[in-house]
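So the structure is just underneath, and the comments pick up after that.
The values are calculated or read from the model by the stated rules, or taken from the named source; none is laboratory data. These figures come from a predicted structure and were not determined experimentally. No Cβ is skipped: glycine too gets one built from the backbone with ideal geometry, and neighbour counts run over all protein chains shown. Please note that ligands, DNA and RNA were not included when accessible areas were found on the heavy atoms of the full protein model with its side chains. Shrake-Rupley method; radii C 1.70, N 1.55, O 1.52, S 1.80 Å.
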Amino acid sequence: MGKVFLIGAGPGDPDLITVKGLKAIQAADVILYDRLVNKQLLQEAKPEGELIFCGKFPSLHLMKQETINQLLVQYGKENKMVVRLKGGDPFVYGRGAEEALILAENGIAYEVVPGITSGIATPAYAGIPVTHREIGRSLAMITGHSNNEEIKWKQLATAVDTLAIYMGVSNLPFIVDNLIEGGKALETPVAIIQEGTTESQKVMIGNLLTIVALVEKHKIRNPAIIIVGEVVKIGEKLAEWRET
């Protein structure tokens, strides 16, 4: 029986992978990788290693999760070292928990190798801390992928200092409207970091009143992280000092 490593590759910059994750990539017989994984990391695979693309786009899943699960079980039973390589962290909106459960149910050894999640790393690259002793004492990580009431946006508006919203650009008007209805002030700072930690990183800063129009004007798109909260002002100050 083989072993499966559920590895977080980090948010985009290939240098942000952990040492343990890199070693596993270099030793793997099979690597199943996602769309947001930096392809430079795949160059670390051994020549005879098998690479399988498991990419998912917002409106198109080239490989269903059920198929990915089946492949992990299949290769795990073939006495191979298998790497499931994901962007960010496998247990933060990476469906790693689902895969771990399938492997455990089938008696296949697995190990989780954490990665740096984009909700923390991309704002950091933009100079924005997600926590701060005075203005950011609480943090919530939220999926913005679906615009439904399963996420209690109105309650989050006043319950948490900082919101880190994953993949929420397409639903930004819905999110903003609900936060405002929940009591979040119109002038609350908002930052959106597109393709964070990469050479293509793009940062857009506004507030709840202006951010939707700014996103449309500058054609901001996913993958992106949305940060809502006073901590965004720190990023603005750091940017001013860098420019002087």
inquiry  = Name the single residue that is nearest to residue 1 (Cα to Cα) among those in region 50-70 being open to solvent by 30 Å² or more (accessible area, probe 1.4 Å), of a type outside the set (Lys, Arg) and at pLDDT 75 or above.
reply    = 70
ask   = Any residue at all in region 52-63 that is free of Cβ contacts under 8 Å to residues at least 40 places away in the same chain and assigned to a helix (DSSP H, G or I)?
value = no
request  = Give region 137-187 a look and list any residue that's in contact (Cβ under 8 Å) with a residue 40 or more places away in the chain and open to solvent by less than 10 Å² (accessible area, probe 1.4 Å), or say none.
outcome  = 144, 162, 163, 164, 165, 168, 172, 175, 179
key: Number of positions in region 192-233 that are in a helix (DSSP H, G or I), over 20 Å from residue 146 (Cα atoms) and touching a strand residue (DSSP E or B) at 6+ places or on another chain (Cβ under 7 Å)   = 4
query = Out of region 94-104, which residues are in contact (Cβ under 8 Å) with a residue 12 or more places away in the chain and not acidic (Asp, Glu)?
reply = 94, 95, 96, 100, 102, 103
query = In the set 185, 213, 191, which member is modelled with pLDDT of 95 or more and within 24 Å of residue 16 (Cα to Cα)?
reply = 191
request  = Search region 77-93 for residues that are at positive phi and pair each with any residue that is buried (at least 24 other Cβ atoms within 10 Å of the Cβ) when their beta-carbon atoms are under 6 Å apart and the residues are at least 6 apart or on different chains.
outcome  = 88/8; 88/11; 88/115; 88/118
remark   = Filtering region 12-48 down to residues that are closer than 15 Å to residue 110 by Cα and part of a loop (DSSP other than H, G, I, E, B) yields 28, 29
remark   = Being within 22 Å of the chain's Cα centre (by Cα) and part of a helix (DSSP H, G or I) narrows 68, 7 down to just 68
note = If you go through 82, 73, the only one that is open to solvent by less than 50 Å² (accessible area, probe 1.4 Å), under 22 Å from residue 50 (Cα atoms) and touching a Phe, Trp or Tyr at 6+ places or on another chain (Cβ under 6 Å) is 82
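Here is a yes/no grid of residues against (1) at positive phi; (2) not β-branched (Val, Ile, Thr):
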{"position": "196", "(1), (2)": "no, yes"}
{"position": "200", "(1), (2)": "no, yes"}
{"position": "204", "(1), (2)": "no, yes"}
{"position": "209", "(1), (2)": "no, yes"}
{"position": "213", "(1), (2)": "no, yes"}
{"position": "219", "(1), (2)": "yes, yes"}
{"position": "227", "(1), (2)": "no, no"}
request  = Looking for whichever is touching a residue at least 60 places away in the same chain (Cβ under 8 Å), surrounded by 20 or more Cβ atoms within 10 Å (Cβ to Cβ) and of a type outside the set (Val, Ile, Thr) here; the options are 107, 196. Which one fits?
outcome  = 196
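Pick from 92, 160, 82: which is at pLDDT 95 or above and under 15 Å from the mean Cα position of the chain (by Cα)? If you could, list the steps in order and put the result at the bottom.
On the way: 160 fails: under 15 Å from the mean Cα position of the chain (by Cα); 82 fails: under 15 Å from the mean Cα position of the chain (by Cα).
On inspection, the qualifying residue turns out to be 92.
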